[in-house]
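Beneath this line is the structure, given in structure tokens, with notes to follow.
Just so it is clear, none of the values below were taken in a lab; they were calculated from the coordinates. Just so we're clear, the structure is a prediction, and the values are computed from it rather than from any experiment. Glycine gets a Cβ as well: all are built from the backbone with ideal geometry, and neighbour counts include every protein chain shown.
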């Protein structure tokens, strides 16, 4: 089995490295920007290409891993017969791949990826979906080489998983960034918050978050809530976030 | 040096246990509900009391660790001469202790506490503030027995630290809880999110959160943002949180 990667972003990079480390050859890396393709291709011993005309017809699996907005535009240019075509998007339905091949599917790794920080893929849940039971078998076999945590999911379930991930990961990181900004404005090091952030995430590795909520909102500590809102009065957007999330904690 | 603990909540419990483990005797634990006082007193080999009249006059340090709203009411009933009186609140000014003693201060451990999960206090930053340089010395000596990470902070700096902690910890946990609820509604296990949550917190142990933001908002992936908002249309509060945080990511 060999692979072509279409895309060179964070997800493509980490999937490419994980495939390479699992001994699955990556034949080509495509990106419209040759330099980007080269950066990833070098790491996975593949050929970099920047023209779809150069795409080999002899790979077994074509993995499209680009910004969700760009998937459709790319799919429209592909005609891969019965080769397996996959995308890696949480929120894009599987069926958008239909025009590129008769065999297709989704391989959605649920993790936050960086270019540099190598991820332990054996800890990454992978949601898979396939156009037929046969393709499902081949897709699962491929995914299993990356991680033991494979989940069969419909496109609709995967969308919910992605939205949940946006709340739990992207939005949480943004709240860390707000905290960073607040501390910075008073010359306080972000270092002091790091153990708290680590413990907050550690707590829910065993417990459910709904069972371990702490803070002034869940205590209904009105005076403190008001004091915090007053402090934030010159940053209306932060004040609004504080108000809305506190209200939501009380409601839940 | 021996200690009286006024309070029996999560913070009082973990501070009590940390003092006890550091070999600092806890003489009494006070709570208006005797049963609560007993639960903690048992763990730290102290006497449980539920009447302030029973408070010993012979302790060196009195630590008030109750819900912020309740501090003032308790302080009003105390008259401890020149004994050191501390509170453990992030958002309460040190000066509220003035009427209880001539010597006072704050010992604010920056961590999220549970009743059961024992915290490694050596990793907990402790913000301290004291009514005089002399008391500061004694307070630092006490705090140092719990953790090497001691920070001198004014009441105003501590307030900002607390607000930052509410964003980074309390609100993040609430976002985990929203994710839990979304998954539950589709019968998907929260388990799948745990590695993502762990990695999100792990990433900012080295990097700054403002440098590692990922997700559709920072990519300005408008189609996905709209798809997620559409999915949330029957849960207007979640939709509003999604919209506001996405907007805030774009603005920052």
Label residue A:20 and residue B:51 with points 7 Å out from Cα along Cα→Cβ: what is the distance between them in nm? 7.6 nm
Using Cα pairs closer than 8 Å and at least 6 residues apart in sequence, work out the relative contact order for segment A:159-251, in percent. 16 percent
Simple spin-label estimate for residue B:122 and residue B:240 in nanometres, 7 Å along Cα-Cβ: 4.7 nm
Shape of segment A:41-166, Cα gyration tensor, a/c cut at 1.5: rounded
Folded to 0 to 90 degrees: helix B:194-206 orientation relative to chain B principal axis, Cα: 70 degrees
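Roughly how compact is chain B, stated as its Cα Rg over 2.2 N^0.38 Å to two decimals?
Details: Rg = 21.8 Å, N = 252, 2.2 N^0.38 = 18.0 Å.
So chain B has a normalised radius of gyration of 1.21.
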What's the center-to-center distance, using Cα atoms, between segment B:172-195 and segment A:88-103 in Å? 26 Å
What is the spread of the Cα atoms of the protein assembly as shown along each of their three principal axes, largest first, in whole Å? 87, 40, 39
Expected sort for A:144, A:87 with the fewest Cβ neighbours (10 Å cutoff) up front is A:144, A:87
Expressed as an acute angle from 0 to 90° and rounded to the nearest 10, what is the orientation of the C-alpha long axis of helix A:172-185 relative to the principal long axis of chain A? 50 degrees
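Please give the length that would be gained between residue A:2 and residue A:205 if that part of the chain were fully extended, namely 0.36 nm times their separation in residues minus their C-alpha to C-alpha distance (nm, one decimal).
Numbers: separation 203, 0.36 × 203 = 73.08 nm, distance 3.59 nm.
Net length gain for the segment: 69.5 nm.
When you look at the Cβ of every residue in A:66-74, what mean number of other chain Cβ atoms sits within 10 Å? Please report the intermediate quantities before stating the final value.
On the way: counts 0, 6, 8, 7, 1, 1, 1, 0, 0.
Mean shielding count: 3.
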Roughly speaking, what is the centre-to-centre gap between segment A:57-83 and segment A:139-160 when only Cα atoms are used, to the nearest Å? 19 Å
Fewest-first ranking of A:124, A:250, using other Cβ atoms within 10 Å as the exposure measure: A:250, A:124
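Sort A:240, A:199, A:35 by Cβ crowding within 10 Å, fewest neighbours at the top. Walk me through the numbers before you get to the answer.
Details: A:240 16, A:199 20, A:35 10.
Listing A:240, A:199, A:35 from fewest to most nearby Cβ atoms yields A:35, A:240, A:199.
Using only helices, what value at 222 nm comes out for chain B when you add -39,500 (n - 2.57) per DSSP H run of length 4 or more and divide by the total residues, to the nearest 500 deg cm²/dmol? Don't jump to the answer; show the numbers that get you there.
On the way: 9 runs with 107 residues, N = 252.
-13000 deg cm²/dmol, from helical runs alone.
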Nearest-5 percent of antiparallel DSSP beta bridges in segment B:23-148? 30 percent
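So how much slack lies between residue A:230 and residue A:137, counting 0.36 nm per residue of separation and subtracting their Cα-Cα distance, in nm?
That works out to 27.7 nm of additional length.
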Against the longest principal axis of chain A, how steep is helix A:155-165, in degrees 0 to 90 to the nearest 10, with axes from Cα atoms? 40 degrees
